[in-house]
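The values are calculated or read from the model by the stated rules, or taken from the named source; none is laboratory data. Note that the coordinates shown come from a computational prediction; the quantities given were computed from them, not determined experimentally. We place every Cβ from the backbone using ideal geometry, glycine too, and count neighbours over all the protein chains shown. Just the protein is used for accessible areas: all its heavy atoms, side chains included, with ligands, DNA and RNA removed. Shrake-Rupley method; radii C 1.70, N 1.55, O 1.52, S 1.80 Å.
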Amino acid sequence: MSISQALSNATSGLGAASRQAGIVSQNIANALTPGYARREISLAERTVAGQGAGVRVAGVDRASTAALTSERRIADGAAARDEARLDAARRISALLGGPEDAGALFSRLSTFDNSLRDLANQPANVAAQQTAAANARQLAIGINDLAISLQSVRQEADRSIGAEVDRVNASLKQIERLNGEIEKAVVAGRDASALLDERDRQLDAVNRAVPSRTLIRDNGRIDLVTLEGATLLAGEARQINFRATSFIAAGQTLNNGALSGLSVDGVDITPGAAPRAPTGGSLAGYFSVRDSLAPAAASDLDALAADLIERFAEPGVDPTAPAGAPGLFTDAGAALGSPVAPGLASRFSLNAAVDPRQGGDAARLRDGIYALGPGAAGSNAILVNLISALDAPRANGISSGALQTAAEAAAGLASLRGAALGAAQSEAAQSDAFRDTLAEAELAATGVDTDAELQQLLLIEQAYAANARVIEVTGRLIDQLTEL
């Protein structure tokens, strides 16, 4: 090997070592940066006039594991879906509360029940009459508030769908832009690793909402389709369409056209309602809350309200009531109709005749709602009927045919939502654990191990020192030759 060849080899080695050191330093600096993939320098032989002339940097390799990343993104979507469901189930369960919660539905019903029994023991006591009427009114208010809160859960889910759709559309446009920049970099032979990192972050955002498959195209470009086959990006980003609803009432549903679904390129992809709809992702979770979980809880609450109205409207409970007249509780002041319009719980109210705040007289609890005049002060016959109506086992729309007292029906409603919460917690825990397992495996394959990078840096320093030594020796040789 000639002196010039040795010098050329050493000089190229110094350059390669310097570039390697820069990449290792970059890896270490970004070890905790989300979405950063480890870089490695790829070296190749450099030739001049057909002879070896050291090494050259062939490119920068970005660590990737396509199959594992794809599965992790699908798991991200499942975890996001289950998280949305869990948040809603937790909120609904908290709204209903338990027997120990003072403001919970069961507690309000128990308080009303106890005040009726107290009044039955002292029917002439005006204070006891007022207390029983007030507790009946508080029970009605509690049911109304619950109905409003359950519609709020649906409303918030609808708003979340709109916000998530906006984020996905923005990410799709970003991916479209990054596709173009990556293609330019690849064609020009430039390092596109930073652009690929950013595109992966946008892909993660899309997949959390709508799990998708990535299709590799020429020059680093990609297309996106949902797991069910709907195109999200093919050269250009497709717009996902959704119309948020400013106010959601009990009777508004997707089926009757009052609420919006999802579509892309004219294809219906509404979760839970379309053949090509995504089954995972946060969008699927929010649709489940809006169209299934919250409506189911509201339907159960309506069934409880209907049960209470029917109990006190049974013939013989209040002998003063004409046939078909509303009893102690009403549907917005009227008797319960058939079929019952959705949202009964929001219309559930205390009969104005016994509500002092509506101009009524609490003594009618004792005398009868439709009594023409005051009854015997010491008579508790109607009060006993009212208590018996609460205690009567009867079928309702909550218990799947089982006969329940009013207290059991209220407790059963809370129990059902508690069971739904438990199921949601279990599903979320499983999907989180699976997602975390895949994320850890992906990180091991593509992330930065600082210990390994520091070891690599030591090797690079040794290579740098060796090349520097060669240059030093060749320099001395050249000096000796010039002195001859």
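One line per residue, one yes/no per condition, for (1) at pLDDT 95 or above; (2) not polar (S, T, N, Q):
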| site | (1), (2) |
| --- | --- |
| T270 | yes, no |
| A273 | no, yes |
| G280 | yes, yes |
| Y286 | yes, yes |
| D291 | yes, yes |
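Residue count for the stretch 91-117, restricted to those that are farther than 24 Å from V384 by Cα, of a type in the set (A, V, I, L, M, F, W, C) and open to solvent by 30 Å² or more (accessible area, probe 1.4 Å): 3. Selection within the stretch 355-382: residues that are aliphatic (A, V, I, L, M) and closer than 25 Å to N144 by Cα. The member of this set that is surrounded by the most Cβ atoms within 10 Å (Cβ to Cβ) is L365.
Scoring T437 on the criteria (1) open to solvent by less than 40 Å² (accessible area, probe 1.4 Å); (2) part of a helix (DSSP H, G or I); (3) among the polar types (S, T, N, Q) leaves a single failure, condition (1). Scanning the stretch 285-296 for residues that are open to solvent by 10 Å² or more (accessible area, probe 1.4 Å) and in contact with a Gly (Cβ under 9 Å, 6 or more places away or on another chain) yields S288, D291, S292.
Here L454, L443, L416 are screened, and the one residue that is buried (at least 17 other Cβ atoms within 10 Å of the Cβ) and part of a helix (DSSP H, G or I) is L416.
To keep it simple, each residue is scored yes or no on (1) part of a helix (DSSP H, G or I); (2) within 23 Å of the chain's Cα centre (by Cα); (3) surrounded by 17 or more Cβ atoms within 10 Å (Cβ to Cβ).
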| residue | (1), (2), (3) |
| --- | --- |
| A133 | yes, no, yes |
| A136 | yes, no, yes |
| Q155 | yes, yes, yes |
| V165 | yes, yes, yes |
| E181 | yes, no, no |
| K184 | yes, no, no |
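Search the stretch 335-354 for residues being without any contact (Cβ under 8 Å) to a residue 60 or more places away in the chain and under 16 Å from L365 (Cβ atoms), and hand back the single one that is surrounded by the most Cβ atoms within 10 Å (Cβ to Cβ). Of everything passing the filter in the stretch 335-354, N351 is surrounded by the most Cβ atoms within 10 Å (Cβ to Cβ). Whether a residue is at pLDDT below 90, among the polar types (S, T, N, Q) and closer than 30 Å to R201 by Cβ was assessed, and Q456 passes this test.
Check E40, E45 and return the single one that is touching a strand residue (DSSP E or B) at 6+ places or on another chain (Cβ under 9 Å), outside any loop (DSSP other than H, G, I, E, B), of a type outside the set (S, T, N, Q) and without any contact (Cβ under 8 Å) to a residue 12 or more places away in the chain.
E45
The set of residues from the stretch 391-410 being open to solvent by less than 60 Å² (accessible area, probe 1.4 Å) and either among the β-branched types (V, I, T) or over 23 Å from A298 (Cβ atoms) (or both) comprises A392, I398, T405. Beta carbons closer than 9 Å, at least 6 apart along the sequence or on distinct chains, pair a first residue in the stretch 4-32 that is more than 12 Å from Q456 (Cβ to Cβ) with a second that is aliphatic (A, V, I, L, M) and part of a loop (DSSP other than H, G, I, E, B) for N9/M1; N30/V448; A31/V448; L32/V448. Residues in the stretch 261-290 that are aromatic (F, W, Y) and touching a helix residue (DSSP H, G or I) at 6+ places or on another chain (Cβ under 6 Å): Y286 only. Residues in the stretch 104-131 that are under 27 Å from the mean Cα position of the chain (by Cα) and in a loop (DSSP other than H, G, I, E, B): A104 only. Do we find that A332 is at positive phi, open to solvent by 20 Å² or more (accessible area, probe 1.4 Å) and small (G, A, S) in this structure? Against the criterion (at positive phi, open to solvent by 20 Å² or more (accessible area, probe 1.4 Å) and small (G, A, S)), A332 qualifies.
Scanning the stretch 297-318 for residues that are outside any loop (DSSP other than H, G, I, E, B) and among the charged types (D, E, K, R), we see that the one that is most open to solvent (accessible area, probe 1.4 Å) is E310. For the stretch 419-434, the candidate set comprises residues that are within 30 Å of Y36 (Cβ to Cβ) and polar (S, T, N, Q); within that set, the residue that is surrounded by the fewest Cβ atoms within 10 Å (Cβ to Cβ) is Q430. If I ask for residues that are farther than 16 Å from N467 by Cβ and among the aliphatic types (A, V, I, L, M), which ones from the stretch 13-28 would you list? Those that are farther than 16 Å from N467 by Cβ and among the aliphatic types (A, V, I, L, M): I23, V24, I28. Here A37, A88 are screened, and the one residue that is modelled with pLDDT of 90 or more, within 22 Å of L421 (Cβ to Cβ) and open to solvent by less than 20 Å² (accessible area, probe 1.4 Å) is A88.
Residues of the stretch 245-261 include none that is aromatic (F, W, Y) and either touching a Pro at 6+ places or on another chain (Cβ under 7 Å) or modelled with pLDDT of 95 or more (or both). Residues being in contact (Cβ under 8 Å) with a residue 24 or more places away in the chain and part of a loop (DSSP other than H, G, I, E, B) are entirely absent from the stretch 193-208.
Being over 30 Å from L293 (Cα atoms) and either open to solvent by 50 Å² or more (accessible area, probe 1.4 Å) or free of Cβ contacts under 8 Å to residues at least 40 places away in the same chain (or both) is a property that does not hold for N241.
Checking the stretch 255-271 against the condition returns no match, with no residue being open to solvent by 60 Å² or more (accessible area, probe 1.4 Å), of a type in the set (V, I, T) and more than 30 Å from F348 (Cα to Cα). When you look at G280, is it touching a residue at least 60 places away in the same chain (Cβ under 8 Å) and over 23 Å from D200 (Cα atoms), yes or no? For G280, the condition - touching a residue at least 60 places away in the same chain (Cβ under 8 Å) and over 23 Å from D200 (Cα atoms) - is not met.
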